[in-house]
Amino acid sequence: MSLTGLFLIVFLLVHLTGNLQLLMDDGGRQFNLYAKFMTTNPLIKFTSYGLYAFILLHAIQGILLWLKNKAAKGSSYAVNNTRATNTVAGFAKNMGWLGIIILVFLLIHMYQFWLQMKLGHLPMVEYDGVQVKNLYAPVTETFSNIGFVVFYVLSMVVIAFHLWHGFQSSFQTLGLNHKKYTPFIHGLGKLYAVAVPLGFALIPILFFLKNM
Amino acid sequence: MALANMNLTLKVWRQSNNKAKGNFETHKVVANEHMSFLEMLDVLNEQLIQEQKTPVAFEHDCREGICGACSMVINGQPHGPQRGTTTCQLHMRQFKDGDTIVVEPFRAKAFPVIKDLVVDRSAFDRIIQSGGYISVNTGQAVDGNTLPIEKDLSSQAFDAATCIGCGACVAACPNASAMLFTSAKVSHLNLLPQGAIEAEQRVLSMVNQMDEEGFGMCSNVTACEAECPKEISVDNIARLNRQYIGASLKSDKMA
């Protein structure tokens with residue numbers, strides 16, 4: 001869980017950096033060129049297969065762990081009153097449920113953009129004589145729908161909860177704990193859990209406001 | 001000084017044996033704030049005996065917070081609301097007149113209920129048997145400071161050694177994981193020179209036994225640390241993970 005989780009944490013940062021190009025005021029030129037690069041560069045292609053594998057591994061491992069732990073607990077208490085010291089008990093206890101929501105979000109998200117880019121028929125645009133798929137178009141269209149904007153923002157809140165616990169938890173699982181750097185990891189984890197989902201959530205919000 | 005009486009409503013888990021289906025029973029108890037929680041249960045049991053009913057079975061031994069016998073979950077918290085305290089050291093002044101208190105047994109597959117609030121914690125004994133010892137004959141007591149041990153290290157080992165094996169960590173854990181217990185026992189021996197010799201074997205065997213007993217996996221909820229009556233730190237769990245990963249990679253020992 002920890003290794004795949006850390007990989008996905010790194011991925012989120014790369015993904016956010018790429019997607020923030022959507023906010024450039026150039027009608028999507030920069031973003032479309034980036035999308036072409038990301039789908040044609042062999043090194044990126046190779047890494048993307050690793051990413052799919054790690055997402056699946058993280059999900060499958062997580063679900064198996066969840067079921068195993070549920071069985072180990074057996075029955076639950078009549079009064080639920082979990083306290084925690086290093087994390088928010090509500091997030092830590094419900095990583096499974098948060099993960100399921102994220103998985104559903106991911107399937108919808110990948111259908112909307114990834115599948116369109118790979119198999120769908122996107123309109124083409126020409127930049128300096130090169131034909132490029134206009135991925136910017138479905139992004140604009142999707143985020144002009146208030147329903148999708150709310151869905152994306154809420155999903156980012158769920159990811160923030162998941163990261164709030166997951167970031168520092170992955171270091172603890174790997175035994176990377178020391179009074180010199182653990183406080184830094186905890187602080188960085190909280191910052192990351194807020195800043196990255198917030199960055200993602202800004203995209204649908206700003207697109208919606210721009211096209212209002 | 002006159003003692004103010006507290007009128008309490010107790011909802012106690014009753015289960016006649018491991019196979020039986022348990023249920024909550026409601027009783028009224030009059031206690032006072034100076035009683036320990038166990039003394040309040042004694043009052044209840046006296047009452048039940050007077051009424052020719054079966055008293056509530058609960059474990060207790062030293063009643064001074066060092067044996068770890070008094071296992072029960074009070075209002076959803078193992079050993080009750082006060083931090084760093086066993087049930088026997090929990091006083092009724094932590095509650096208010098008119099309170100309803102829910103008392104349940106520790107819940108985990110690896111800790112089957114024997115009767116009412118009593119659970120079978122022999123899984124912990126088997127974890128200790130798998131590696132919670134050192135194999136050399138220690139012989140006579142040696143002179144002080146014959147074997148120099150750095151102060152911080154001995155403090156860490158002693159902090160881990162304060163674990164009384166009560167099982168509150170397992171009870172508090174939503175995954176019923178025994179990582180805090182096992183890591184405390186591993187740390188307390190592995191940090192000291194006498195225990196370090198068998199460190200790799202110890203960590204592999206004890207983790208293996210822990211898994212075999214059917215405890216869950218640690219997902220770092222840290223409820224164990226919050227509920228531990230001896231306030232054992234989850235730093236021990238990180239150390240266990242570190243030593244387990246290390247031993248798995250480099251040790252010839254299989255488990």
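Every read-out reported here was derived from the displayed coordinates using simple, explicitly stated rules and does not represent laboratory data. The model shown is predicted, which means the values in this text are computed figures rather than measured ones. So basically every Cβ, Gly included, is an ideal-geometry build from the backbone, and we count neighbours across all protein chains shown.
Other residues lying with their Cβ under 14 Å from the Cβ of B:Ser135 contribute a combined charge of 0, Lys and Arg counting +1, Asp and Glu -1.
Report the local net charge at B:Asn7: Lys and Arg +1, Asp and Glu -1, summed over other residues whose C-beta lies under 14 Å from its C-beta. Local charge sum for B:Asn7: -1. Overall dimensions of chain A, expressed as equivalent-ellipsoid semi-axes from the Cα gyration tensor (√(5λ), whole Å, largest first), are 35, 18, 17. A run of chain A free of exposed loop cleavage sites, with trypsin sites (Lys or Arg not before Pro) counted only in DSSP states other than H, G, I, E and B and at most 15 other beta carbons within 10 Å, reaches its longest extent at A:1-178. When the helices of chain A are scored as -39500 (n - 2.57) per DSSP H run of n ≥ 4 and the total is divided over every residue, the value at 222 nm lands at -23500 deg cm²/dmol.
Inter-chain Cβ neighbour count for B:91-104, averaged per residue, equals 1 (cutoff 10 Å, partner chain atoms only).
Computed about the Cα centre, the dipole magnitude for chain B is approximately 560 debye when only Lys and Arg (+1) and Asp and Glu (-1) carry charge, each at its Cβ.
Positive-end ranking of B:Gly80, B:Ala57, B:Ile114 along the dipole of region B:3-142, with charges on Cβ about the Cα centre, is headed by B:Ile114. With a cut-off of 11 Å between beta carbons, the residues surrounding A:Tyr77 carry a summed charge of +1, where Lys and Arg count +1 and Asp and Glu -1. Placing a pseudo-label 7 Å from each Cα along the Cα-to-Cβ vector at A:Leu154 and A:Ala78 gives an inter-label distance of 3.5 nm.
Think of it as helices only: each DSSP H run of n ≥ 4 in chain B is worth -39500 (n - 2.57), and spread over all residues that comes to -10000 deg cm²/dmol at 222 nm.
Each label point was placed 7 Å from the Cα along the Cα-to-Cβ direction; for A:Thr39 and B:Cys67 their separation is 7.2 nm.
If the segment from A:Ala71 to A:Asn211 were pulled out straight at 0.36 nm per residue, it would be longer than the present Cα-Cα gap by 45.4 nm. Across the options A:Val104, B:Ala196, A:Pro138, the greatest Cα extent toward the positive end of the charge dipole of the protein assembly as shown (unit charges at beta carbon of Lys, Arg, Asp, Glu) belongs to A:Pro138. Spatially, region B:39-109 and region A:142-201 are offset by 40 Å when compared through their Cα centroids.
Volume of the convex hull of the protein assembly as shown (Cα atoms only), normalised per residue: 214 Å³. Model label sites at A:Ser144 and B:Arg242, defined 7 Å from Cα along the beta-carbon direction, differ in position by 5.6 nm. Packing order of peptides B:42-52, A:121-131, A:197-207, highest average first: A:197-207, B:42-52, A:121-131 (average count of other Cβ atoms within 10 Å over each peptide's residues). Are there trypsin sites (Lys or Arg not before Pro) in region B:1-78 that DSSP marks as loop and that have at most 13 other Cβ atoms within 10 Å, and which are they? Sparse-neighbourhood loop trypsin sites (Lys or Arg not before Pro): B:Lys19, B:Lys21, B:Lys53. Along the axis of the charge dipole computed for the protein assembly as shown (Cβ charges of +1 for Lys and Arg, -1 for Asp and Glu, origin at the Cα centre), the listed residues A:Phe7, A:Phe161, B:Thr138 are led at the positive end by A:Phe7.
In summary, the helical segments of chain A meeting the span-like criteria, namely a full DSSP H run, a Cα extent along the axis of 18 angstrom or more and a mean Kyte-Doolittle hydropathy of at least -1.0, are A:2-19, A:42-73, A:95-109, A:146-173, A:182-210.
Computed on region B:13-148, with alpha-carbon pairs under 8 angstrom and 6+ residues apart, the relative contact order is 26 percent.
Entry note, region A:2-210: relative contact order of 30 percent, from Cα contacts under 8 Å with a spacing of 6+ residues. From largest to smallest, the equivalent ellipsoid semi-axes obtained for region B:98-145 from the alpha-carbon gyration tensor read 39, 17, 8 Å. Annotation: lysines with alpha-carbon distance below 22 angstrom to B:Lys53 (same-chain offsets under eight excluded): B:Lys11, B:Lys19, B:Lys21, B:Lys28, B:Lys115.
For chain A, how many pairs of lysine residues have a Cα-Cα distance under 27 Å, where the two are 8 or more positions apart or belong to different chains? Count of close lysine pairs: 15.
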